[in-house]
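This report refers to the structure that appears directly beneath it.
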Ligand SMILES: C[S@@+](CC[C@H](N)C(=O)[O-])C[C@H]1O[C@@H](n2cnc3c(N)ncnc32)[C@H](O)[C@@H]1O
């Protein structure tokens, strides 16, 4: 956990802010709402590592998911997720816990029908990122669905201009203290291909930040 000290501080601060959430209202980003519908269809249990305030997972409950498990390293993220679950009468179906990558070893092989990895894989140390994919492959059933969202690849010259520090090849620390594993599309394909089939890839535009995210629909091998 020591390696993520600044990550925890950053997200604890972010999740101090009050949030509104109604499980029956669509997620504001259409591509994510569509991705969650796809994930939830035929999945009765879902895990979300790096779940933040749990909104994506809780929205899946509205699409019929019976058991949701969310894990996050930020204590404040988890307490907010628990509060949103209570406010939406989902406490009996949703379980949240504070933890890092090692907490995944507590789950059984094939325990879940599906999973979410949203904007966290490329903010982990690369060894932890690889371990996350290996663990998802183990704890999600073969044929299970996974929705993966990643930042776009950023040109190294642009990152230099943002004051990031390159720790190792393609792996950076931002001024905020957050890590950024700057994966190209080829890197992503190599990373995924052994354990997952890529069913679909969608580019999600965030106009206000002039940025894109990559959304992958994956099938577990
Ligand atoms: C960009 S937010 C994404 C939140 C949520 N998945 C979403 O898409 O709305 C990244 C989340 O990953 C969590 N996180 C970062 N590093 C982590 C780690 N090593 N273990 C568990 N969670 C982590 C952060 O605390 C934060 O809540």
Q | region 86-121, residues that are more than 13 Å from the ligand (Cβ to nearest atom), crowded, with 18+ Cβ neighbours inside 10 Å and under 25 Å from residue 215 (Cα atoms) | A | 94, 112, 113, 114
Q.
Taking the conditions exactly as written (in contact with a helix residue (DSSP H, G or I) (Cβ under 6 Å, 6 or more places away or on another chain) and within 20 Å of residue 15 (Cβ to Cβ)), does residue 93 satisfy them or not?
A. no
Q. On the given criteria, is residue 61 in a helix (DSSP H, G or I), near the ligand (Cβ under 9 Å from one of its atoms), surrounded by fewer than 24 Cβ atoms within 10 Å (Cβ to Cβ) and free of Cβ contacts under 8 Å to residues at least 60 places away in the same chain?
A. no
Q) What number goes with the only condition from (1) free of Cβ contacts under 8 Å to residues at least 40 places away in the same chain; (2) under 22 Å from residue 38 (Cα atoms) that residue 139 does not pass? A) (1)
Q. Within the group 75, 107, which residue is in contact (Cβ under 8 Å) with a residue 12 or more places away in the chain, within 24 Å of residue 137 (Cα to Cα) and in contact with a strand residue (DSSP E or B) (Cβ under 9 Å, 6 or more places away or on another chain)?
A. 107
(Q) I'd like to verify a number: residues in region 26-48 that are surrounded by 12 or more Cβ atoms within 10 Å (Cβ to Cβ), more than 11 Å from the ligand (Cβ to nearest atom) and in a loop (DSSP other than H, G, I, E, B), how many? (A) 5
Q | Filter result for the condition that a residue is within 15 Å of the ligand (Cβ to nearest atom), out of contact with any helix residue (DSSP H, G or I) (no Cβ under 8 Å at 6 or more places or on another chain) and either under 25 Å from residue 216 (Cα atoms) or part of a helix (DSSP H, G or I) (or both), over 5, 76 | A | 5
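A short reminder: the numbers here are calculations on the coordinates, not readings from a lab. All values derive from a computational prediction rather than experimental measurement. So basically every Cβ, Gly included, is an ideal-geometry build from the backbone, and we count neighbours across all protein chains shown.
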